[in-house]
Amino acid sequence: MSERATYASRRVLPEAPFLAAAEGRTPSHRPVWFMRQAGRSLPEYREIRAGTGMLESCFDPALVCEITMQPVRRHGVDAAILFSDIVVPLKASGIDLDIVAGTGPVVAEPLRSIADVAALPRLVPEEVGAVVQAVQLLIAELGSTPLIGFAGAPFTLASYLVEGGPSRNHERTKALMHSDPKTWHTLLGSLADTTITFLQAQIRAGVDAVQLFDSWAGTLSLAEYREFVLPHSERVFAEVASAKVPRIHFGVGTGELLGVMGEAGADVVGVDWRIPLDVAARRVGPDKALQGNLDPAVLFAGPSAVEKQVRRIAGEADVALAGGTAGHIFNLGHGVLPDTDPGVLTAVVELVHSL
């Protein structure tokens, strides 16, 4: 892999508020989008996905295009995020896994040895051709709305592969990390290659920004993150730097890691709901944008409570901006919950745009 990877010319969206905020420019209004904005909270999504498995959906370009567009049409958000899943490149490369409803990704044969790690397949761009086609369809549909591509960070992908699925304590993952660091770094190096290949394919297809999801990084101590995770996330961000698209880094429960996550190379650091944005800004440091950070559960609390919290977050973001933060992109502190009323999301967009 090389940072000198070449990327074709892409559409230019100088007025897009999302890109302006991510790049440290002044947007025409405060931009907002929602993680998991395309999904189970939308009746049109449930209708079009009926009878089609999650992974099957992710490899159907026309379906990906339609699902990605749904929240843009309904809510008027300032960015679309590609409908996909962080395990898509693993599945595409030949790993036997499935996304089980109510559970999440389940791996048929979890990694247990150095031989398992050595046998891990590497992704080649042709294996995600359906994703590339979906991006190309979306670029034609989205007009002036930016498209965010994404991938799972090496640590989070490793956790699924080692644990065999979602885990509360990540005991097998941490055991491998501490007991056999050489095998651990070999594994994360391989997964970094896969993540880089997946992001580069999306960038070449035309996405306007990328987000690296390190969903489980919050289970780690600061020392663990620095030693076992940071070098690999740094490499991912470095390898796509020459594309000159905004790079976003996000994890859950990462308040104590925000400073070091900011060091990994992203332009925007996502913040969950556990820490105020002005405090997060001091941890991340100046000259980076922040994204976040409304608690998804607050969306169930009624209009006055939602408005109060949205205004609070905007105020904290303004304090951060006055202190040197490059920009603010309003978002949730994690993904939209399945039972969320879509009308509440639309109202949040309208309120954020008015602030």
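The values are calculated or read from the model by the stated rules, or taken from the named source; none is laboratory data. None of these values were measured; they are calculated from a predicted model. Please note: Cβ atoms are built from the backbone with ideal geometry, for glycine as well, and neighbour counts cover all protein chains shown. All accessible areas refer to the heavy atoms of the entire protein, side chains included, with ligands and DNA or RNA removed. Shrake-Rupley method; radii C 1.70, N 1.55, O 1.52, S 1.80 Å.
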Matching residues, segment 40-58, being open to solvent by 20 Å² or more (accessible area, probe 1.4 Å) and within 18 Å of the chain's Cα centre (by Cα):
Arg40, Met54
May I ask you to verify whether Ile139 is outside any helix (DSSP H, G or I), in contact (Cβ under 8 Å) with a residue 60 or more places away in the chain and β-branched (Val, Ile, Thr)?
no
Here's a check for you: in segment 188-228, which residue that is part of a helix (DSSP H, G or I) and among the small types (Gly, Ala, Ser) is nearest to Tyr160 (Cα to Cα)?
Ala217
It is to be established whether one or more residues within segment 151-163 are part of a strand (DSSP E or B) and under 16 Å from the mean Cα position of the chain (by Cα).
yes
Where Lys91 falls short, out of the listed (1) under 20 Å from the mean Cα position of the chain (by Cα); (2) free of Cβ contacts under 8 Å to residues at least 24 places away in the same chain:
(2)
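Quick check on my filter: what residues within segment 8-38 are charged (D, E, K, R) and surrounded by fewer than 19 Cβ atoms within 10 Å (Cβ to Cβ)?
Arg10, Arg11, Glu15, Arg25, Arg36
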Which of (1) closer than 21 Å to Leu82 by Cα; (2) touching a strand residue (DSSP E or B) at 6+ places or on another chain (Cβ under 8 Å); (3) open to solvent by 30 Å² or more (accessible area, probe 1.4 Å) is the odd one out, the single condition His334 does not satisfy?
(2)
Only residues that are in contact with a Lys or Arg (Cβ under 7 Å, 6 or more places away or on another chain), closer than 19 Å to Asp78 by Cα and not aliphatic (A, V, I, L, M): list them for segment 261-314, please.
Asp267
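Results for (1) open to solvent by less than 30 Å² (accessible area, probe 1.4 Å); (2) under 23 Å from Ile139 (Cβ atoms); (3) out of contact with any strand residue (DSSP E or B) (no Cβ under 7 Å at 6 or more places or on another chain), shown as yes or no for each residue.
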site: Ala201; (1), (2), (3): yes, yes, yes
site: Val210; (1), (2), (3): yes, yes, no
site: Ala223; (1), (2), (3): no, no, yes
site: Thr254; (1), (2), (3): yes, no, yes
site: Val279; (1), (2), (3): no, no, yes
site: Arg282; (1), (2), (3): no, no, yes
Pairs returned, first residue in segment 35-54 that is under 24 Å from Gly152 (Cβ atoms) and at pLDDT 95 or above, second residue that is open to solvent by 70 Å² or more (accessible area, probe 1.4 Å) and of a type in the set (Val, Ile, Thr), beta-carbon separation under 6 angstrom, 6 or more apart or interchain, are none
Give the residues of segment 76-93 that are of a type in the set (A, V, I, L, M, F, W, C) and either surrounded by fewer than 23 Cβ atoms within 10 Å (Cβ to Cβ) or not in a helix (DSSP H, G or I) (or both), sorted by residue number.
Val77, Ala79, Ala80, Ile81, Leu82, Phe83, Ile86, Val87
Just need a number here: residues in segment 59-75 that are open to solvent by 20 Å² or more (accessible area, probe 1.4 Å), more than 13 Å from Leu142 (Cβ to Cβ) and not hydrophobic (A, V, I, L, M, F, W, C).
3
What pairs come up if the first residue lies in segment 320-343 and is more than 13 Å from Pro31 (Cα to Cα), the second is part of a loop (DSSP other than H, G, I, E, B) and among the hydroxyl-bearing types (Ser, Thr, Tyr), and their beta carbons are under 8 Å apart, counting only those six or more places apart or on different chains?
Val336/Ser41; Leu337/Ser41; Pro338/Ser41; Asp339/Ser41; Thr340/Ser41; Asp341/Ser41; Pro342/Ser41
What residue, among those in segment 225-242 that are of a type in the set (A, V, I, L, M) and buried (at least 23 other Cβ atoms within 10 Å of the Cβ), is nearest to the chain's Cα centre (by Cα)?
Val236
Pair list, Cβ under 6 Å, 6 or more apart: segment 65-86 residue on the phi > 0 side of the Ramachandran plot, other residue open to solvent by less than 10 Å² (accessible area, probe 1.4 Å) and in a helix (DSSP H, G or I)
Gly76/Val349
Set Pro31, Pro14: member being modelled with pLDDT under 95 and closer than 19 Å to His353 by Cα
Pro14
How many residues does segment 110-125 hold that are assigned to a loop (DSSP other than H, G, I, E, B) and surrounded by 12 or more Cβ atoms within 10 Å (Cβ to Cβ)?
8
Do the conditions hold for His185, that is, is it in contact with a helix residue (DSSP H, G or I) (Cβ under 9 Å, 6 or more places away or on another chain), open to solvent by 10 Å² or more (accessible area, probe 1.4 Å), outside any loop (DSSP other than H, G, I, E, B) and closer than 21 Å to Ala264 by Cα?
yes
